[in-house]
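Comments concern the structure below.
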Amino acid sequence: MLRNTSAIDGYFIAASDGHLGTVSDFLFDDVSWLVRWLVVDTGSWLSGRKVLLPAFALGHLDAERREFAVRLTMQQVKDSPDIDTRRPVSRQTEANIYDYYGWSPYWNTGLYMGGYGFGYGGGAMAPLPLQGSSRREEDIAAARRSDDDPHLRSIEAIIGYHIHASDGEIGHLNDFLIEDADWSIHYLIVDTKNWWPGKKVLVSPRSIQEIDWTDNLVNINVDRQKVKDSPAYDVSATVDRDYEKHFHSYYDGLRSGVLP
């Protein structure tokens, strides 16, 4: 099901023996457009410390209780590597966390270049416990030596960025719609109030030409009229498969990976 990231922000994370804290941000990969990590604010339990949990480690989303279950104990999370969430998360930081929990890094699962619904084959992925595996240890060591940019970006930081079509600005980034089964980002929600009062539109990550992280701009490769004439988006309605088929057929026949 597609959900607004703003609606998930604040959900509780329930360990096997108590609440760890609440979701305070998401880190996504700006190449594959998959949410890789959730930033969890532990509140008073760990004196405001924030921890990272990989999206695949989360169990079922309970919308009624506004929480995720996670197959970890509070002590495991307490003893996890410290991170500075005010700084970019490096590949080495990711490797340290995977190493601590004994999981295989996502960049060696064959799923790294997923996205738009292709990422995890349409279903939630379970952790890969490969403790004692020489392959996992080699993967971790290689990641620590690597200077590769993991392209991780904060959703909280990018909200509010201006969206530029090929012929001018159309509004600002208001929210994201993600698939809660595989954590793929399907759409950016754009508030057009300065150009088209009272309207919000959806933009697919496939339309993004460039993100200018210095000037806080998202440039897309379609013109303003194309966006204005796109399938209407009702913020109070659920984006279902029929809408997605209509949307992707409108934009040059592009089809989402979740569609038949």
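The values are calculated or read from the model by the stated rules, or taken from the named source; none is laboratory data. Please read these numbers as outputs of a predicted model, since none were measured by experiment. Glycine gets a Cβ as well: all are built from the backbone with ideal geometry, and neighbour counts include every protein chain shown.
Looking across the range 91-112 at every residue that is farther than 13 Å from L53 by Cα, under 18 Å from the mean Cα position of the chain (by Cα) and assigned to a helix (DSSP H, G or I), the one that is modelled with the lowest pLDDT is identified as W107.
If you go through the range 160-191 and keep only what is part of a strand (DSSP E or B) and among the aliphatic types (A, V, I, L, M), you end up with I163, A165, I170, L173, L177, I178, I185, L188, I189, V190. Screening A232 on (1) touching a residue at least 24 places away in the same chain (Cβ under 8 Å); (2) hydrophobic (A, V, I, L, M, F, W, C); (3) more than 22 Å from W183 (Cβ to Cβ); (4) in a loop (DSSP other than H, G, I, E, B) shows it passes everything except condition (1). Taken together, the residues in the range 200-237 that are among the aliphatic types (A, V, I, L, M) and farther than 18 Å from H172 by Cβ amount to 2. Taken as a whole, the condition of being under 30 Å from V190 (Cβ atoms) and either outside any strand (DSSP E or B) or within 17 Å of the chain's Cα centre (by Cα) (or both) does not apply to W45. When the residues of the range 180-216 are filtered to those that are buried (at least 16 other Cβ atoms within 10 Å of the Cβ), without any contact (Cβ under 8 Å) to a residue 60 or more places away in the chain and under 19 Å from the mean Cα position of the chain (by Cα), the one that is farthest from D240 (Cα to Cα) is I208. Just need a number here: residues in the range 192-212 that are part of a loop (DSSP other than H, G, I, E, B) and in contact with an Asp or Glu (Cβ under 9 Å, 6 or more places away or on another chain). Selection size over the range 192-212: 3.
Matching residues to (1) out of contact with any helix residue (DSSP H, G or I) (no Cβ under 7 Å at 6 or more places or on another chain); (2) surrounded by 17 or more Cβ atoms within 10 Å (Cβ to Cβ); (3) at pLDDT below 95:
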site	(1), (2), (3)
V218	yes, yes, no
N221	no, no, yes
E244	yes, yes, yes
S249	yes, no, yes
G257	yes, no, yes
